[in-house]
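Peer 1: The following block contains the structure, expressed as structure tokens.
The values are calculated or read from the model by the stated rules, or taken from the named source; none is laboratory data. Nothing here was measured: the structure is a model prediction, and the numbers come from that model. Cβ: placed from backbone, ideal geometry, glycine included. Neighbour counts: every protein chain shown. Just so you know, the surface numbers come from the protein's heavy atoms only, side chains and all, with ligands and any DNA or RNA stripped out. Shrake-Rupley method; radii C 1.70, N 1.55, O 1.52, S 1.80 Å.
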Amino acid sequence: TGNEPQAAPQAAASSPAPAATGGNDVPGEKVVIGFSAPAADHGWIAAIAKNAEATAKRFGDVKFKPVQPTNDINQQISAVESLIAAKVNALVILPNDGQQLNQIARRASDAGIPVVNLDRVFPDKLSYRTWIGGDNYGMGVAAGHYIGTALKEKNVADPVIVEIQGIATLPLTQDRSKGFADALKTYGFRVTARQDAQFTVETGTSVASNLLQAHKKIDALWNHDDDQGVGVLAAINEAGRNEFVMVGGAGSANAMREIQKPDSVLKATVTYSPSMASSAVKLARLIAQGKGMSDLVENQVPQSITLASETITRENVERYLPLGFES
Amino acid sequence: MSELLVMKGIVKGFPGVRALSGVDFSLRAGEVHCLLGQNGAGKSTLIKILAGAHRPDEGTITLGGEQVRMTGPTDAIRLGIATIYQELDLVDGLSVAENVFLGHEHATFGFARRRAANRATAALLARLGHPEIPPAIEVGRLAPAGKQVVSMARALSHDARVIVMDEPSAALAHDEVQGLFRVIRELTAQGVAVVYISHRLEEIREIGDRVTVLKDGRTAAAGLPARDTPTGRIVSLMTGRDVEYVFPPRREAAFGAEVLRVEDLSVPGVFSGVSFSVRAGEIVGLAGLVGSGRTEIAEAVYGARGAGGRVFVDGRPVGRGGVTRAVRLGMGLAPEERKAQALLLEESLARNITLGSLPRYSRLGWLDRRRERADAAAQINAVDIRPPDPDRPVKTLSGGNQQKAVLARWLINGRRLLLLDEPTRGVDVGARAELYAVIRGLTDAGIGVLLISSEVPEVLGLADRVLVIREGAVVHEADARDLDEHRVLDLVMAAQDSTPHKEEPGD
Amino acid sequence: MTNHSIRRPGRPYTGAGLLGAVGRARHLGLVLALALLALVGLVTVPETFATTSNVVTVLALAATIGVITVGMTFVIIGGGIDLSVGAVMALASVWATTLATQSYGPMVMVICAVLVGTGAGLLSGFLISYGRMVPFIATLAMLVAARGLAERMSDRRTQLVQPGNSALVDLSSGRVLGLPPIVFVFAAVVVAGWVVLNRTTFGRRTYAVGGNPEAAKLAGIDVRRHTMLLYGLSGLCCGIAAVIIMARTTTGSSTHGDLYELDAIAAVIIGGTLLTGGRGTIGGSILGLLIFTLITNLFILNGLNTSDQLIAKGLIIVIAVLLQRRSLRSRT
Amino acid sequence: MTNHSIRRPGRPYTGAGLLGAVGRARHLGLVLALALLALVGLVTVPETFATTSNVVTVLALAATIGVITVGMTFVIIGGGIDLSVGAVMALASVWATTLATQSYGPMVMVICAVLVGTGAGLLSGFLISYGRMVPFIATLAMLVAARGLAERMSDRRTQLVQPGNSALVDLSSGRVLGLPPIVFVFAAVVVAGWVVLNRTTFGRRTYAVGGNPEAAKLAGIDVRRHTMLLYGLSGLCCGIAAVIIMARTTTGSSTHGDLYELDAIAAVIIGGTLLTGGRGTIGGSILGLLIFTLITNLFILNGLNTSDQLIAKGLIIVIAVLLQRRSLRSRT
Ligand SMILES: Nc1ncnc2c1ncn2[C@@H]1O[C@H](COP(=O)(O)OP(=O)(O)OP(=O)(O)O)[C@@H](O)[C@H]1O
Ligand SMILES: Nc1ncnc2c1ncn2[C@@H]1O[C@H](COP(=O)(O)OP(=O)(O)OP(=O)(O)O)[C@@H](O)[C@H]1O
Ligand SMILES: [Mg+2]
Ligand SMILES: [Mg+2]
């Protein structure tokens, strides 16, 4: 996979704007696309919802039918049930938890409604037509490589490496951590301390300020999520610490602007772009209209699309800035 | 003498009842005007209207020649009407001084001047004859009698023209009532008018100037001279019939076997070495001052309070099972604070009455509601609760009727021994006679009764045997017929200490 | 002031007809609010709202918290509060879906969930009645500890119901008389709760214990034991709710039931039960819950965005309560 | 089990000295628990725990909820409850960090936050006292609506404090006498709260309103007005907390203060304030809060994972409460 730090940005995958993909955007038959995602109480998910809606609006042949976003699995099941009952032509689902929503997605598929599974994956391949999402493991790997290389360059032995996760119970968090640990292992490093911070700015601040107390000297810090990163940075600035390299995650515009500052501890961020929602809606439209992707030879949309996680540093941040989401 | 206050044609209805249907009442400066009436006659309602706590549906109030309209308690207070309510209305979490001056605090720019308040409170308490109550202590730590004193201090703190007292003596013992009377006399001497409500007719004779009798929400007689009106006339005005204010005849038959035996019962710091027994069909009275430890003895017997010593019911030890076991063995307690300790105020009368005998109506936990209702209705009639509506929430009953409901709970069959702590507190004369008959009737059915009362005549008239308690010890035991009021009072007070307080070594 | 005292506490002795009328009148505000919501549904999304499948969706959605709400009603009438319900449900679902448990088949899974729930409830109850802890704190501790334990047991993973145990999942996806069996489970719990509360000594004692614990004690009720049992009952309901959530989501997870405690308490209180204990009805709680569920359903159907939803939800709560203000005039 | 009605409340003659001792003893359990936690810290992480900077961290962490806890103590003593605190804080932080507000400089931001908080609190208070809504429901509605409004205002973005207004951020990152100014703000609020509660008629009336509203009313206190003001006070504290959180995180966000209500209520109750109102102290609440903050701090210093943290937290709460069981023997 394209996780190399220097991988070039892929405009088509990162931009909510319609890509120049020839015949795919030609108006086709009218389709209704249902959309369900967790509550937008987080910048990244908010961007997901916005991107999906914006993309759908751009097509005259798409009727977009979003349902109440919620963090309660029970309610999301009901929400999807109502979309099935409304007989939409395709579904785009970002489940709170792929395993827990699997049954209902399966029911949709069985009812003949193609499901585009966004980001968090359903365990059962019969439950969805196409999966599109980021590479969580790859994200961890990218962060691990960046930190590993940086520390090797400085010749640090036995470094203190701190990891601040998002919500610890999510599989995606566990994938990210695993990738991070695996990549560090190739440099002979390991994570010294790991805490989770619920994806919010405020929990970011409190966890980080406690962690900074626990470790008087840190060599590197990976924060999984740029939303909570704002809080983490606030805690770091408050403590007046700058002896380490910090790497972010997701690729928010805030983080990118921070990377541009020469004196910031935030040196890089690894992407996990919410633009995937735009792509998901487009895919759902193509599937519902029975079209393939015009840049591919096949007549059908592929079964799975994994976006590459890219590493944004001061060197390439200019190119990414327009794609960053405002958190 | 001119009338200071005139209430005319006062009507007040509550959903489902007409509490007052046209009451006239007038009050002169410097007099003690007693308000009499059966339980539920409307006395408390009338004075709550006077206090601004209720608004009348009809009628006028004239104070000092001017018609007044009160929209809340604040208005009444501003007009110089202070009230001691029947139900204690103190805030447990605040100090004595803070309670006394609640709503009219000593304060500068919102900052309470505690020292000034404490000083003023100490002065008021001293005036009431209770200098020993510290103004800074939390009211929740006082016993009922102490709280009653604080309520009085509060009424005095207002510099009122009219002071209304709704059964202030119900929670007080004999000697303390005298203290109260002294204060009332001081007040009237200064021209303050006092409205005095009590069910104890002898108090009326002693302190009252005039009497107004309410019956069923109407004025049955107004402005009778308190000292000269014959008791029989007052009672028949109240009840509409002639009531013999006498105790039922004592039981002739020999007492049965011992139902209760108490051996060497003690609660450290409260009482110690208490032993006695109650036989089937016998009424044993506990006489003593407020604070002598009678309530604690009853509670310890009942298992509601950890104590040393042994208690047997019908020869079976109560042991460590606590109240539940005591009730299962056939005991029942009518506690002295009915609201806090006995009643489910929001629940219906029927449910309150059957609360102590739920197992009787259940088969495998399933309630036989028909039988429950029948029993409740029977008890309501037996003690004559008014109105006799089993579904009425107890909260809406008058004080005396609530007390009857507490008694009724334990009249349902199956009891072996009843512990009655001040069973007639707040009960009117007519009902009182009925209650005496009911209690005597119980013993005829072979039940033993332990009776606690602060009214010595009641103990002497009703009990078969009397135990005199002083400072946590049984100082005398005798057949009731061998004692008279004087002798009991002597025994009770032998050691001067007559405050409502008692030192208790930490908790 | 407290006008409610005048309202008869449900005329326990009048005939069924009258009982019904009074009961309905008591919840008039809630019924009105519900009717209003239904009207909004019929107007805004006529083609989907009144369909059977939508009604089923609403009921299935209500089932989980509904069962919990029944237990919560008992606890609150008994003068307590249980913050641990969501966490205990999660723990029960995780415990029942461990591979070890699953190897014994669906019956054992159900029994396991119910036992874990009841056990946790009894433990909270023990701390409260014999350890004399404040219910808020004891159940908060249970909340925290149960979530932690659930996370530890599941290693923070979502545990799938194994294909061999799909009988459990059929509780949600199967149909009996056109309805998923979990709806019947829900109904059965509500009816059982109503019967216990209104027709047994246990229910009667619950009112007494909550209304005036001192009086209950002096009337011979073992208040401590009863209090413990109330929390046990609430735990039992959480266990049953765990079965429902396993059926619906096909998983056990430590994240299940997040914030259910707030929803359940809110439903109970909107239903007219006093937080101070001693009063309340199962019917009111269920109506309160249905209002919340219906609000959610309407939002789903209308596709409102979250922020507007939240604002609207706040307003609707206020309106629903003001509608029934007359029947509920008490503080806290 | 309300022992107090039977217990004959000792020593009428206790002097001020003794009374003071009793007051201190009242929090003995909490102080013990705190000491125990500190001991654990000194043993397990001696080199980091007792440093000034760690103490500062703990205090700074405690500051936000601490300020809210002061307001919550008033509300609960006054017989109510305020579930909206976290949401109102979030709303205030968002409102104060909108570009329009920020253009007027940090002073206006502070004023804005405080006004928004107070306004929201007064609105809840109005619904409760004049609209006669149950506090739980009214503030729940406020919670939901305030979060929705905050999301709408911020368009769900995290709003950064602009560089020009960094004076605000200095409240957290600056140092006065070696401490960040927010710690002084926290201390000032606690002291002010204590003074108001214990030394003013407003404070003493709060006990009356919560302990016996009927008596308060009969004493001529305007219970409704007072109740409304209590929620206003709580809102004011939320506004101040919003300033602190803006300083600490350099942002305003609709996600701030999630679940603060639970933490604040728990701190108040662990501190010995009764949920039924009428009793309680600011000191107890703050001790309760410090226990919670210290637990989190210790866990992170020791590198425990969240699940173990949760289990341990549950146990510690139970132990802390049992330690002070003797001084807190009442239900709910
Ligand atoms: N809040 C209320 N709601 C309904 N009925 C009430 C209420 N308060 C009093 N009543 C009814 O009004 C009548 C008069 O009650 P009130 O308390 O004035 O009697 P009382 O003369 O003071 O009796 P007692 O001597 O027992 O105290 C009673 O029938 C009582 O049940
Ligand atoms: N700390 C105290 N402060 C004030 N009064 C106290 C205190 N301790 C004890 N007392 C008094 O002692 C009494 C406790 O004893 P108990 O109640 O058994 O007395 P009693 O003889 O039953 O009196 P009563 O006639 O009130 O029932 C209280 O009623 C109260 O008057
Ligand atoms: Mg009366
Ligand atoms: Mg007594």
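Peer 1: Residue by residue through A:63-74, how many Cβ atoms from other chains fall within 10 Å of the Cβ on average?
Peer 2: Taking the mean over all residues of the peptide, I get 6.
Peer 1: For B:Ser169, what is the net charge nearby, where nearby means another residue's Cβ is under 9 Å from its Cβ and Lys, Arg count +1, Asp, Glu -1?
Peer 2: -2
Peer 1: Here is a further query. Could you state the number of Å between the C-alpha centres of segment B:1-77 and segment C:178-195?
Peer 2: Here the two parts' Cα centres lie 55 Å apart.
Peer 1: Report, ordered by chain and residue number, the aspartates and glutamates lying within cross-link reach of A:Lys267, taken as a straight Cα distance under 13 Å and ignoring same-chain residues fewer than 8 apart.
Peer 2: Partners found: A:Asp219, A:Asp226, A:Glu243, A:Glu258, A:Glu315.
Peer 1: Heavy-atom accessible area of A:His215 with all protein chains present, probe 1.4 Å, nearest 10 Å²?
Peer 2: Here the residue's solvent-accessible area equals roughly 40 Å².
Peer 1: Using a probe of 1.4 angstrom, how much of the accessible area of segment A:128-196 is carbon and sulfur, in percent?
Peer 2: 52 percent
Peer 1: Of all beta bridges DSSP finds with both residues in chain A, what is the antiparallel percent, to the nearest 5?
Peer 2: 10 percent
Peer 1: Using the Cα centre of chain D as the reference point, and only Cβ charges (+1 on K/R, -1 on D/E), how large is the resulting charge dipole? Debye, rounded to the nearest 20.
Peer 2: Around 1280 debye, computed over chain D.
Peer 1: Hey, what number do you get for chain B at 222 nm if only DSSP H runs of n ≥ 4 count, each worth -39500 (n - 2.57), divided across all residues, to the nearest 500?
Peer 2: Using -39500 (n - 2.57) per qualifying helix, the result is -9000 deg cm²/dmol.
Peer 1: How large is the helix-only mean residue ellipticity at 222 nm for chain A, computed as the sum of -39500 (n - 2.57) over DSSP H runs with n ≥ 4, divided by its residue count, in deg cm²/dmol to the nearest 500?
Peer 2: It comes out at -12500 deg cm²/dmol, rounded to the nearest 500.
Peer 1: What gaps in nm, shortest first, separate C:Thr98 from its twins in the other copies when you place the label 7 Å past Cα toward the beta carbon?
Peer 2: 5.3
Peer 1: Could you provide, to the nearest whole Å², the per residue accessible area of segment B:88-139 with probe 1.4 Å?
Peer 2: I get 42 Å² per residue for this part.
Peer 1: Quick check: from the Cα gyration tensor, does chain B come out rounded (a/c under 1.5), prolate or oblate?
Peer 2: prolate
Peer 1: Then there's this: Relative to the first principal axis of the alpha-carbon coordinates of chain B, what is the inclination of helix B:174-189, with its axis defined by its Cα atoms, in degrees from 0 to 90 and to the nearest 10?
Peer 2: Helix B:174-189 sits roughly 10 degrees off the main axis of chain B.
Peer 1: Whole-Hz ³J(HN,Hα) for each residue in segment A:171-186, computed from phi via Karplus 6.51 cos²θ - 1.76 cosθ + 1.60 with θ = phi - 60°, x for glycine and proline: what do you get?
Peer 2: Here the 3J(HN,Hα) series is x, 4, 5, 5, 4, 4, 5, 5, x, 4, 5, 4, 5, 4, 4, 5 Hz.
Peer 1: Could you please state how large a percent of the accessible area of chain D is carbon and sulfur, counting protein chains only and using a 1.4 Å probe?
Peer 2: C and S fraction of accessible area: 68 percent.
Peer 1: Over all pairs of distinct alpha carbons, what does the Kirkwood formula give as the hydrodynamic radius of the protein assembly as shown, in Å?
Peer 2: Answer for the protein assembly as shown: a Kirkwood hydrodynamic radius of 35.0 Å.
Peer 1: Out of the DSSP beta bridges found with both residues in the protein assembly as shown, what percent are antiparallel (nearest 5)?
Peer 2: That works out to approximately 45 percent antiparallel.
Peer 1: Could I ask something else about it? Quick one: helix B:114-127 against the long Cα principal axis of chain B, what's the angle to the nearest 10°, folded into 0 to 90?
Peer 2: 70 degrees
Peer 1: Grab the other residues whose beta carbon is less than 14 angstrom from that of A:Phe35, score K and R as +1, D and E as -1, and report the net.
Peer 2: That sum, taken over residues with Cβ under 14 Å, equals +4.
Peer 1: Now a separate question. Going by Cα centres, segment C:236-272 and segment C:103-167 are how many Å apart?
Peer 2: Answer, in whole Å: 12.
Peer 1: Something else: Which ³J(HN,Hα) values in Hz, rounded to whole numbers, follow from the phi angles of segment A:148-163 under the Karplus curve 6.51 cos²θ - 1.76 cosθ + 1.60, where θ = phi - 60° and Gly and Pro get x?
Peer 2: After applying 6.51 cos²θ - 1.76 cosθ + 1.60, I find x, 4, 4, 6, 4, 4, 7, 6, 7, 9, 6, x, 8, 10, 10, 10 Hz.
Peer 1: Just the number, please: buried accessible area between C and B, total of both chains, 1.4 angstrom probe, nearest 100 square angstrom.
Peer 2: For chain C against chain B, roughly 3200 Å² becomes buried.
Peer 1: For the protein assembly as shown, with the dipole built from +1 on Lys and Arg beta-carbon atoms and -1 on Asp and Glu ones, taken about the Cα centre, which of B:Ile10, B:Val270, D:Ile291 lies farthest toward the positive end?
Peer 2: The Cα lying farthest towards the positive end belongs to B:Ile10.
Peer 1: Non-local amide H neighbours of B:Val164 (under 5 Å, H modeled in plane, Pro and chain starts lacking H): which ones?
Peer 2: B:Ala82, B:Thr83, B:Ile84, B:Val195
Peer 1: Please report the carbon-and-sulfur percent of the accessible area for segment B:337-413; probe 1.4 Å, protein heavy atoms only, DNA, RNA and ligands left out.
Peer 2: 51 percent
Peer 1: Taking θ as phi - 60°, what are the ³J(HN,Hα) couplings along segment D:134-150 by the Karplus curve (6.51, -1.76, 1.60), each to the nearest whole Hz, with x for Gly and Pro?
Peer 2: Once rounded to whole Hz, the list reads 5, x, 4, 6, 4, 6, 5, 4, 5, 3, 4, 5, 5, 5, x, 5, 4.
Peer 1: In Å² (nearest 100), what accessible area is buried between A and C, both sides summed, heavy protein atoms only, 1.4 Å probe?
Peer 2: 2400 Å²
Peer 1: Under a 1.4 angstrom probe, counting protein chains only, how are C:Thr44, D:Thr158 ranked by accessible area, largest first?
Peer 2: Most to least solvent-accessible, the answer reads C:Thr44, D:Thr158.
Peer 1: C plus D alone minus the pair: what accessible area, both sides summed, probe 1.4 Å, in Å² to 100?
Peer 2: 5000 Å²
Peer 1: What percent does the relative contact order of chain C come to when contacts are Cα pairs within less than 8 Å and at least six residues apart?
Peer 2: Once divided by the residue count of chain C, the mean separation gives 34 percent.
Peer 1: Considering only the other residues whose Cβ falls under 14 Å of the Cβ of C:Val196, what net charge follows from Lys and Arg at +1 and Asp and Glu at -1?
Peer 2: +3
Peer 1: Based on Cα coordinates alone, diagonalise the gyration tensor for chain D, multiply each eigenvalue by 5, take square roots, and list the semi-axes in whole Å, largest first.
Peer 2: Value: 32, 27, 17 Å, ordered largest first.
Peer 1: Pull up all non-local amide H partners of A:Val32: gap of 5 or more, or a different chain, and H-to-H distance under 5 Å with H placed in the peptide plane.
Peer 2: A:Lys63, A:Asn89, A:Ala90
Peer 1: Just checking the output field for A:224-236: average partner chain Cβ neighbours within 10 Å of each residue's Cβ?
Peer 2: Mean shielding count: 4.
Peer 1: For a test of the definition: using alpha carbon positions, the gyration tensor, and the 1.5 limit on a/c, classify segment D:117-199 as rounded, prolate or oblate.
Peer 2: Oblate, because a/c is 1.5 or more while a/b does not exceed b/c.
Peer 1: Among the residues of segment B:124-160, which ones have their accessible area go down by 50 Å² or more when all the protein chains sit together, as opposed to their chain alone (1.4 Å probe)?
Peer 2: For segment B:124-160, once contacts with the other chains are taken into account, B:Arg141 lose 50 Å² or more.
Peer 1: Moving on. What are the distances, in nm and sorted shortest first, from the label point of D:Val43 to the label points of the same position in each other copy, with each label point placed 7 Å from Cα along the Cα-to-Cβ direction?
Peer 2: Here the equivalent label points are 6.7 nm apart from this one.
Peer 1: Right, here's the next one. Specify the inter-centroid distance of segment B:101-173 and segment A:173-208, based on alpha-carbon positions, in whole Å.
Peer 2: About 64 Å separates the Cα centre of segment B:101-173 from the one of segment A:173-208.
Peer 1: Okay, next question. For label points placed 7 Å from Cα toward Cβ, what is the shortest-first list of nm distances from D:Leu32 to its copies?
Peer 2: Distances between equivalent label points, in nm: 5.4.
Peer 1: Can you give me the long-range amide H partners of A:Trp222? Hydrogens built in the peptide plane at 1.01 Å from N, cutoff under 5 Å, separation of 5 or more residues or another chain.
Peer 2: For A:Trp222, whose amide H was placed from the backbone, the distant partners under 5 Å are A:Val162, A:Glu163, A:Ile164, A:Val247.
Peer 1: Still on this structure, I have one more. Counting pairs of alpha carbon atoms under 8 Å apart in space and at least six apart in sequence, what relative contact order in percent does chain A give?
Peer 2: Over chain A, the number comes to 23 percent.
Peer 1: Same structure, new question: Under a straight-distance cross-link criterion of Cα-Cα below 16 Å, which aspartates and glutamates are reachable from B:Lys48, leaving out those fewer than 8 residues away in the same chain?
Peer 2: B:Asp24, B:Asp57, B:Glu58, B:Asp75, B:Glu87, B:Asp89, B:Asp166, B:Glu167, D:Glu214
Peer 1: Just checking the output field for D:47-55: average partner chain Cβ neighbours within 10 Å of each residue's Cβ?
Peer 2: 2
Peer 1: How tilted is helix A:226-239 with respect to the longest principal axis of chain A? Cα atoms for both, answer in degrees (0 to 90, nearest 10).
Peer 2: With both axes taken from Cα atoms, the answer is about 20 degrees.
Peer 1: Moving on. Scan segment B:4-110 for GluC sites (Glu not before Pro) in coil per DSSP, keeping those whose Cβ has at most 16 other Cβ atoms within 10 Å, and list them by number.
Peer 2: Those satisfying the criteria are B:Glu87.
Peer 1: Still on this structure, please answer the following. Starting from 0.36 nm per residue, how many nanometres of slack lie between C:Ser166 and C:Ala50 once their C-alpha separation is accounted for?
Peer 2: 38.7 nm
Peer 1: Moving on. Under 26 Å Cα to Cα from A:Lys30, which lysines show up? Leave out anything in the same chain fewer than 8 places away.
Peer 2: A:Lys30 reaches A:Lys50, A:Lys57, A:Lys63, A:Lys65, A:Lys87, A:Lys282, A:Lys291.
Peer 1: Let me ask something else about it. Leaving ligands, DNA and RNA out of it, rank C:Lys217, A:Lys30, A:Lys154 by accessible area with a 1.4 Å probe, largest first.
Peer 2: Descending accessible area places them as A:Lys30, A:Lys154, C:Lys217.
Peer 1: Longer than 20 Å from Cα to Cα, which of B:Lys12/B:Lys395; B:Lys339/B:Lys404; C:Lys217/D:Lys217 are they? Say none if no pair is.
Peer 2: Pairs exceeding the cut-off: C:Lys217/D:Lys217.
Peer 1: Ignoring ligands and nucleic acids, what accessible area does D:His27 show with a 1.4 Å probe (Å², nearest 10)?
Peer 2: 30 Å²
Peer 1: Run the 1.4 Å probe and let me know the accessible area of B:Arg210, rounded to the nearest 10 Å².
Peer 2: Estimated to the nearest 10 Å², B:Arg210 gives 30 Å².
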